[in-house]
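Asker: Just passing along the structure, written as structure tokens.
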């Protein structure tokens, strides 16, 4: 029997421990929009947007799994561009499932652990503590920081991003690293990095002041791109659900250049 969006949502909620992971109010993790169904194909994307919905309908998918969901920008009336998104959902019978911090924090499907492993790093420590839960990962290494930057740059280019870093000296080595994808550079993560002896922090993006403060703590921050660092989790979650329910799935690229 072809599965419903509700059945897939319950499966993902259980797999991602959605009910036990705190998040920002606008995340509204879980099934955000139902449809008549049943599900024919799963599409994965980083963001909920009109161009993503248009591609979902063109590729004959009718369940969209995203990291940043329908309400990420806050409460708005469904007029103008937001009405067009809603119209595309209903007219094409597309359901929407969103997972934000649960997908960042997951030990095997999460953005952070997948990015670390993609870069050849072995996570062994928690990082990025948020309301009782560790969202990121950290670990020990012994490699030239410039080599790590090259790895990140290659990853970013492959995922429609551009890597940058705060100032670093030639010959510097990375001994203890941490990863916090998305908007991972903040005053809180810098403080946590200092407290735990992190010398290299890999994030998606961060405020300008983090690059100013980093050298004063002998910390290098590598900004790999918000979009790029959050492509991995949605693909892993979509593949996980698709395999369980014997469904096709596809990633919908919609880079933001950030």
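The values are calculated or read from the model by the stated rules, or taken from the named source; none is laboratory data. None of these values were measured; they are calculated from a predicted model. Cβ placement follows ideal geometry from the backbone for every residue including glycine, while neighbour counts extend to all protein chains displayed.
Asker: I'm checking my understanding of the structure. Among residues of the range 78-109 that are part of a loop (DSSP other than H, G, I, E, B), in contact (Cβ under 8 Å) with a residue 24 or more places away in the chain and in contact with a strand residue (DSSP E or B) (Cβ under 9 Å, 6 or more places away or on another chain), which one is farthest from residue 56 (Cα to Cα)?
Answerer: Result: 100.
Asker: Same structure, new question: Residue 120: surrounded by fewer than 24 Cβ atoms within 10 Å (Cβ to Cβ) and in the same structural domain as residue 31 (by TED's automatic domain parsing), yes or no?
Answerer: Numbers: surrounded by fewer than 24 Cβ atoms within 10 Å (Cβ to Cβ): yes; in the same structural domain as residue 31 (by TED's automatic domain parsing): no.
Spelling it out, it is not the case that residue 120 is surrounded by fewer than 24 Cβ atoms within 10 Å (Cβ to Cβ) and in the same structural domain as residue 31 (by TED's automatic domain parsing).
Asker: For the range 197-253, give me every one of the helices (runs of 4 or more DSSP H) that falls completely inside it and has 2 or more residues that are surrounded by fewer than 21 Cβ atoms within 10 Å (Cβ to Cβ) and in contact with a helix residue (DSSP H, G or I) (Cβ under 7 Å, 6 or more places away or on another chain).
Answerer: Here the list reads 231-245.
Asker: Among the residues of the range 10-26, write down those that are assigned to a helix (DSSP H, G or I) and touching a helix residue (DSSP H, G or I) at 6+ places or on another chain (Cβ under 9 Å). Walk me through how you get there before you give the answer.
Answerer: First, the residues of the range 10-26 that are assigned to a helix (DSSP H, G or I): 10-15, 18-20, 25-26.
Hits for the range 10-26 are 11, 12, 13, 15, 18, 19, 20.
Asker: Based on what the data block shows, is residue 193 modelled with pLDDT of 95 or more and assigned by TED's automatic domain parsing to the domain that holds residue 41?
Answerer: No; evaluated as a whole, the condition is false for this residue.
Asker: Which one is surrounded by the fewest Cβ atoms within 10 Å (Cβ to Cβ), of the residues in the range 55-70 that are touching a residue at least 60 places away in the same chain (Cβ under 8 Å) and assigned to a helix (DSSP H, G or I)?
Answerer: 55
Asker: Name, by its number, the condition in (1) free of Cβ contacts under 8 Å to residues at least 60 places away in the same chain; (2) touching a helix residue (DSSP H, G or I) at 6+ places or on another chain (Cβ under 6 Å); (3) part of a loop (DSSP other than H, G, I, E, B) that does not hold for residue 3.
Answerer: (1)
Asker: Would you check which residues across the range 110-144 are closer than 21 Å to residue 22 by Cβ and assigned to a strand (DSSP E or B) and list them?
Answerer: Answer for the range 110-144, where residues must be closer than 21 Å to residue 22 by Cβ and assigned to a strand (DSSP E or B): 125, 126, 127, 128, 129, 130, 133, 134, 135, 136, 137, 138.
Asker: Given the structure, is residue 138 modelled with pLDDT under 95 and farther than 21 Å from residue 46 by Cα?
Answerer: No.
Asker: Out of 191, 172, which single residue is over 12 Å from residue 121 (Cβ atoms) and loosely packed, with under 13 Cβ neighbours inside 10 Å?
Answerer: Testing whether each residue is over 12 Å from residue 121 (Cβ atoms) and loosely packed, with under 13 Cβ neighbours inside 10 Å leaves just 191.
Asker: Right, another one. Of everything in the range 150-182, what is at pLDDT below 95 and out of contact with any helix residue (DSSP H, G or I) (no Cβ under 8 Å at 6 or more places or on another chain)? Give them in sequence order.
Answerer: 164, 169, 171
Asker: I'd like the full set of residues that are crowded, with 17+ Cβ neighbours inside 10 Å and closer than 17 Å to residue 90 by Cβ, limited to the range 39-54.
Answerer: Across the range 39-54, the qualifying residues are 39, 43, 48, 49, 52, 53.
Asker: Have a look at 257, 217 and point out the one that is in the same structural domain as residue 183 (by TED's automatic domain parsing) and touching a residue at least 12 places away in the same chain (Cβ under 8 Å).
Answerer: Numbers: 257 fails: in the same structural domain as residue 183 (by TED's automatic domain parsing).
After applying the criteria, what remains is 217.
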